[in-house]
Ligand code: A3D
């Protein structure tokens, strides 16, 4: 069986890390595409030279022309600009909406059968633009945010409880912004919900509230420390997990920015919800029950995504 082809549109910090991880996991051959001349070629060559050491068989090509992504099975999009200290994700919309329009056209022309994962911010609006311009079915285009936000929550919880990160599950839903919704009731240590762990004396409501706030600000905390860009190791790992679920038909249940199609009362937007990811792309939206407080937070988040999509529509080529 021939190797799968994975196209990375954007060969910056996340793009390079994606290429490295995809090679290490032998998920397929990699094509790095970027408008910056030499950058995708240079990163491809560098990673290719690590392959004999790691014992991984894959090819790594770099390109500045969309024809290089022809026939890709998976496309992961990070093209655009990241934020700098003091910026919100939403401040990126003016630049990144136009970039997504161009990328969408490139996908439509060259690899209309691909499974597409968008990472570019502001995420929920950019995945909407990418879907519109690529014309792909909604179930074949998703956004990566929930896996990352949930991983941040899991990381902080594992630290708090001094247990393995593997035994902490967590759910963060809604838009990928300040309004994201970490769902405490659905987050567990080995199946024990967080509210029960408070009763058991493992933590307090105050500590949990602090962790929820730190999760919501997880991206900004890293931007503040790096000063020159945003997080890239964990975002790349999160997108690779999603790509692997598709390529290996794993049917993982993961929070992704998915087309809701009426689920959760949302019919016209991409927003972070739990989904089953397998060979069919988004095979199912898992419509969990929310209590009144959770629902209010989710609805608030959905409204903020709706505003960003409206702003993106204004920026689309007419
Ligand atoms: P960076 O290292 O700047 O890489 C972006 C790359 O895109 C650069 O190499 C650019 O040359 C390239 N580029 C710009 N315009 C185009 C274009 N029209 N076509 C092709 N390539 C282009 O950024 P990064 O890799 O750190 O981040 C990429 C994006 O991911 C940013 O928008 C971030 O805000 C976003 N991001 C999202 C998350 C989520 O959880 C959703 C997390 C972290 C970063």
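The values are calculated or read from the model by the stated rules, or taken from the named source; none is laboratory data. No experiment lies behind these values; they were computed from the predicted model shown. Note that we place each Cβ from the backbone using ideal geometry, even for glycine, and neighbour counts take in every protein chain shown.
Taking the criterion of being in contact with a helix residue (DSSP H, G or I) (Cβ under 9 Å, 6 or more places away or on another chain) and either without any contact (Cβ under 8 Å) to a residue 12 or more places away in the chain or more than 19 Å from residue 119 (Cβ to Cβ) (or both), the residues of segment 45-59 that qualify are 46, 48, 50, 51, 54, 56, 57, 58, 59. Of all the criteria given as (1) at pLDDT below 95; (2) near the ligand (Cβ under 9 Å from one of its atoms); (3) more than 17 Å from the chain's Cα centre (by Cα), the one not satisfied by residue 83 is (3).
Among the residues here, residue 231 does not qualify as within 16 Å of the ligand (Cβ to nearest atom), part of a helix (DSSP H, G or I) and within 16 Å of the chain's Cα centre (by Cα). Counting the residues of segment 36-62 that are over 27 Å from residue 102 (Cα atoms) and assigned to a loop (DSSP other than H, G, I, E, B) gives 4.
Within segment 203-222, one or more residues are outside any helix (DSSP H, G or I) and more than 22 Å from the chain's Cα centre (by Cα). The condition of being under 18 Å from residue 209 (Cβ atoms) and at pLDDT 95 or above holds for only one of 147, 181, 168, 142, that being 168.
Are any residues in segment 1-41 on the phi > 0 side of the Ramachandran plot and either surrounded by 19 or more Cβ atoms within 10 Å (Cβ to Cβ) or under 19 Å from the mean Cα position of the chain (by Cα) (or both), and if so, which ones? Scanning segment 1-41 gives 10, 28.
There is at least one residue in segment 134-153 that is more than 12 Å from the ligand (Cβ to nearest atom), crowded, with 24+ Cβ neighbours inside 10 Å and touching a residue at least 40 places away in the same chain (Cβ under 8 Å).
Within segment 86-126, the set of residues being within 10 Å of the ligand (Cβ to nearest atom), surrounded by fewer than 18 Cβ atoms within 10 Å (Cβ to Cβ) and either farther than 18 Å from residue 228 by Cβ or at pLDDT 95 or above (or both) comprises 98, 102.
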